[in-house]
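Step one of this worksheet: look at the structure below.
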Amino acid sequence: MRGMPGLTGPWLAFLPLTPTQWELWRLSPEGPRRLAASRGPLSCLATPIDQSTVLCWSVQRGTTLLWRVTPSSGAVEPAGSLSFWGRNLQIGPDGRLALLSPEGAVLLVDLSSRALTRVRLAGGTPRAFTVVPAGGRIISLARRPQGSTVTAYELGQLTASAPR
Amino acid sequence: MSDTLLDLFDRDEIAAIFAHEVAHLEHYDRRRCLFMLLAQWLIVLVGVVAAPVVIHSIDLGLQSWIPGIWFFLIWLTLSVRISRHQAHEAESDRRAVELCGDGPALARALTKLHALTRLPRRWPLEMERTASHPSLARRIQAIEAAAGIPSPPLAAPVVVAARVPDRFVILGPERIEWLDGVPPETPHEPAAVREAAASARVLRYSELISLRVATAGAGGKLALVAIERDGTTHSLPLREEDVGRVQAALDRVDARLTRGRRGSVHHGFIASALSACLLAVTVFSAHIATLMLPGLIAAFRQNPAALVALGVTASAQAGLWFAGLIDQSGWAAWAPAYGPSAPRSEIGLAWLAIGILGVCALLLGVARAREAPESRRVGIGLTAGALGGLGLLAWLAVVVSALPGPVAARLHDAARAMPSATLALWGCAAALLLVRLPRARAGAATLAILGVLPILVGSTWFADRFVRDPLRVSNRSLTSEAREAVTGSQIHLDKIATGLRVSPSGSRFALQAWAGREEDDDTDDQAPARAPMLVGDFSGGSRPIEGDDLGFLDEGRALILVSTSKTAELKILDVTEPSSSPWRVVLPPVANPRLSVDASAGTWTVAGVDRQWSHAIGLSGRVGRTPSRPAGGRCRAPAAPCSLRAASPMLPAATPRSCRRSACRGRRCAACRASPDPGSPSFP
């Protein structure tokens, strides 16, 4: 992916510079291949969601767009959109996806049913900046002024099933 | 008052000036000073105490607005003080006449003061409205009125020959005559000049809104300048020896001019307030570059041209945003990369405010232009020139942006990212429309049409028809439902931690623990250097483990990646007894490595970059097996203007911090993807 640093963005109208463009490339021993380009910042999960597919997401106009990318074929397919800026998308050991909303709520994504479960975490704990779903729990990592806090939240009944 | 002035002024003049200053002191009495002091302290307190309290303790959803509100409060306080200043100076002059009882002395003192400081006797039209003090001519009129000194009309016409041949002006008691084609030998008598002139234009003083001696041209030559109510300007180059005579004549006819009306409301104050509000809201939510020029011009020169241009740019920008034709911009657009972002409803509210304030500015500008037609042309050059220049620059930027290609995609993105290519031209066109000339209207129409083109290029229609990029197809919303979660267990660590890894059931976790140094970035993928791994569980136990990355295989075992400059090693560790390692495999050296483990399939993947940061490296294998060579390969980075910065199996964005900007030609290489396909060639 390519892009230009954000802080120049608001001043672009004064400068004859190339605007931000994020590009998705497949690198293989056969050589690099450009797959797609996005206006908004584009990221991909470090772990594939199944044997052949990786999940990427971009944010633009206050919306988070999810994309399935199949590196072998170069296919890029829409996987769903969220009407807010999602932060820190993570995949759990069992393949479930979780991300944070701007308000700090946890969102679990089920790609197979295109469903989103918004989970409000119990109050009294520091605001999480990373959440990972595992088993029937959500594990969160939060920062405090002099350290960090790891919290396990019990979910009970989960509706978002594993995508693999 | 300095010693120099005391030396130069007569005693009665010094007394008059002191009386004026005493009037100021009377005005700023104890109660008024206390009120001003309290207002200043209130502003400081709001900024220092109230704003942080509101931000941190009261969730009103207004946090990101507070700096803008504070800025507005400061501006409002200063504006209220400044707006009353001119009236206060006139009051002080009248009070000085009462105190010293010598109006002519005060008038002489002020005249000397203006001569010493080289201030003009009459201000330009806009300055007359906005300056802190009235012009000398107006002050003398007011002083004479307060002192009861009669102001006799001009006794006899004053004939003034221009610095250039053939041109004359006759200043009469009721009207001014501009005469051209007067032969040089003509006697400087009113009748003779009128008789000899080839052409003449006669204007009653009531048709003029400004008549003054002004500097004209680069050489600072003096000229008599008259402005009619419709903005038409006449100018006559003056000889220096005539200036005193002309000023004296103008003093006699000043009262007969039609002064530019201030309007039924305090136009300047409201215009300035609107402009400041728009700028404040825009700084936090929209393209400040587009609105800054008309906003600043309108804030400081509240003329109709600037107001109309500001109104059109602001309201059109809001309209385009709501129509989805331009991208989110301003600091809010970049928040996801640098911190928590503003809620969408708050951004929509900001855009609504921009649109409403823009319409208000437009209506105010139009009303002002109707009410005082003479002000239509004031500031046209500055406003239209600045916006036209910005629009052309933005057009150039859009075109330059498309050059690296693919042209359609980059044109589309640039058109959306740079709304100035449209808005500045529309603002310029709106300003030009105030000039009721066919040429100006044709220019405005051309600019308006040119401004539509970037909108078309940035539209969905253009993207669907010409861009054809998979990331630009529509993406349906996910259906949503709500759940609650309760706190099960919690562990506090005395270190800053990143890189959360979790075991399959969530009973154990692993972290990278940073001793005492907090990282600013909350994306744990961007840790700049190795931090000790810490493995723990929710019973409170935790132990450090040497490694760069970790992936859980089950609740008791984890795969650890240890990387050095010469080699990398992957090994299974019993997290309860880290000293034992039933399996390990040695890998080639990998910089900035990332480990990915699929516990259910029993596979691992390591990706990173080579030591030269020129190739991505992807390696994969099966847990428990030790192949002679792990599957994977070296992948050349795209022919990007800069080199790779990081890599991982399905590579997320990596830090582009060390990219050299000049080498990037405005773009930065953020990451690439290595292919860990088992069938790909083995690592060389």
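The values are calculated or read from the model by the stated rules, or taken from the named source; none is laboratory data. This is a predicted model, so every value here is computed, not measured. Ideal geometry is used to build each Cβ from the backbone, glycine not excepted, and the neighbour counts take in all protein chains shown.
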Apart from one, (1) farther than 27 Å from residue A:153 by Cβ; (2) in contact with a Leu (Cβ under 8 Å, 6 or more places away or on another chain); (3) surrounded by 18 or more Cβ atoms within 10 Å (Cβ to Cβ); (4) facing chain B (nearest Cβ under 8 Å) all hold for residue A:39; the odd one out is (2)
Looking at this structure, is residue B:423 modelled with pLDDT of 85 or more and buried (at least 18 other Cβ atoms within 10 Å of the Cβ)?
-> yes
Conditions (1) surrounded by fewer than 20 Cβ atoms within 10 Å (Cβ to Cβ); (2) out of contact with any His (no Cβ under 6 Å at 6 or more places or on another chain) -> residue B:168 fails only (1)
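Matching residues to (1) touching a strand residue (DSSP E or B) at 6+ places or on another chain (Cβ under 6 Å); (2) more than 9 Å from chain A (Cβ to nearest Cβ); (3) surrounded by fewer than 20 Cβ atoms within 10 Å (Cβ to Cβ):
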position	(1), (2), (3)
B:386	no, yes, no
B:390	no, no, no
B:397	no, no, no
B:403	no, no, yes
B:448	no, yes, yes
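This table checks each residue for (1) in a helix (DSSP H, G or I); (2) surrounded by fewer than 24 Cβ atoms within 10 Å (Cβ to Cβ); (3) at pLDDT 80 or above.
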{"residue": "B:290", "(1), (2), (3)": "yes, no, no"}
{"residue": "B:296", "(1), (2), (3)": "yes, yes, yes"}
{"residue": "B:321", "(1), (2), (3)": "yes, no, yes"}
{"residue": "B:345", "(1), (2), (3)": "yes, yes, no"}
Which strands (runs of 3 or more DSSP E) does the range B:151-262 wholly contain that include 1 or more residues that are under 45 Å from the mean Cα position of the chain (by Cα)?
-> B:199-204, B:208-216, B:221-228, B:233-237
Tell me which residues, restricted to the range A:106-131, are within 25 Å of residue B:498 (Cβ to Cβ), small (Gly, Ala, Ser) and either assigned to a loop (DSSP other than H, G, I, E, B) or over 16 Å from the mean Cα position of the chain (by Cα) (or both).
-> A:122, A:123, A:124
Please enumerate the residues belonging to the range A:42-58 that are in a loop (DSSP other than H, G, I, E, B) and either at the interface with chain B (Cβ under 7 Å from one of its Cβ atoms) or within 13 Å of the chain's Cα centre (by Cα) (or both).
-> A:45, A:46, A:47, A:48, A:49
Those residues of the range A:91-105 which are at the interface with chain B (Cβ under 7 Å from one of its Cβ atoms), without any contact (Cβ under 8 Å) to a residue 60 or more places away in the chain and either buried (at least 22 other Cβ atoms within 10 Å of the Cβ) or within 22 Å of residue B:600 (Cβ to Cβ) (or both) amount to A:92, A:93
Just give me the residues in the range B:404-425 being assigned to a loop (DSSP other than H, G, I, E, B) and under 16 Å from residue B:466 (Cα atoms), in sequence order.
-> B:405, B:406
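Could you tell me which residue of the range B:450-473 is surrounded by the fewest Cβ atoms within 10 Å (Cβ to Cβ), considering only residues that are outside any helix (DSSP H, G or I) and at the interface with chain A (Cβ under 7 Å from one of its Cβ atoms)?
So in the range B:450-473, the residues outside any helix (DSSP H, G or I) come out as B:458-459, B:468-469, B:473.
Narrowing the set further to residues that are at the interface with chain A (Cβ under 7 Å from one of its Cβ atoms) leaves B:469, B:473.
Numbers: B:469: 21, B:473: 15.
Ranking the candidates gives B:473 first.
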What number of residues in the range A:68-86 are within 7 Å of another protein chain (Cβ to nearest Cβ) and touching a residue at least 24 places away in the same chain (Cβ under 8 Å)?
-> 5
Is it the case that the range B:134-150 has a residue that's assigned to a loop (DSSP other than H, G, I, E, B) and buried (at least 18 other Cβ atoms within 10 Å of the Cβ)?
-> yes
The condition from (1) assigned by TED's automatic domain parsing to the domain that holds residue B:554; (2) part of a loop (DSSP other than H, G, I, E, B) that residue B:571 misses is numbered (2)
Leading residue by the ranking (surrounded by the most Cβ atoms within 10 Å (Cβ to Cβ)) among those in the range A:118-142 that are modelled with pLDDT under 85 and facing chain B (nearest Cβ under 7 Å) | A:121
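For residue A:72, are the conditions met, namely being over 16 Å from residue B:482 (Cβ atoms), over 13 Å from the mean Cα position of the chain (by Cα) and either at pLDDT below 90 or in a loop (DSSP other than H, G, I, E, B) (or both)?
Yes: the conditions hold for residue A:72.
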Of residues in the range B:509-540 being surrounded by fewer than 17 Cβ atoms within 10 Å (Cβ to Cβ) and closer than 17 Å to residue A:140 by Cα, the one modelled with the highest pLDDT = B:539
For the range B:69-108, which residues satisfy the criterion of being crowded, with 16+ Cβ neighbours inside 10 Å and outside any helix (DSSP H, G or I)?
-> B:102
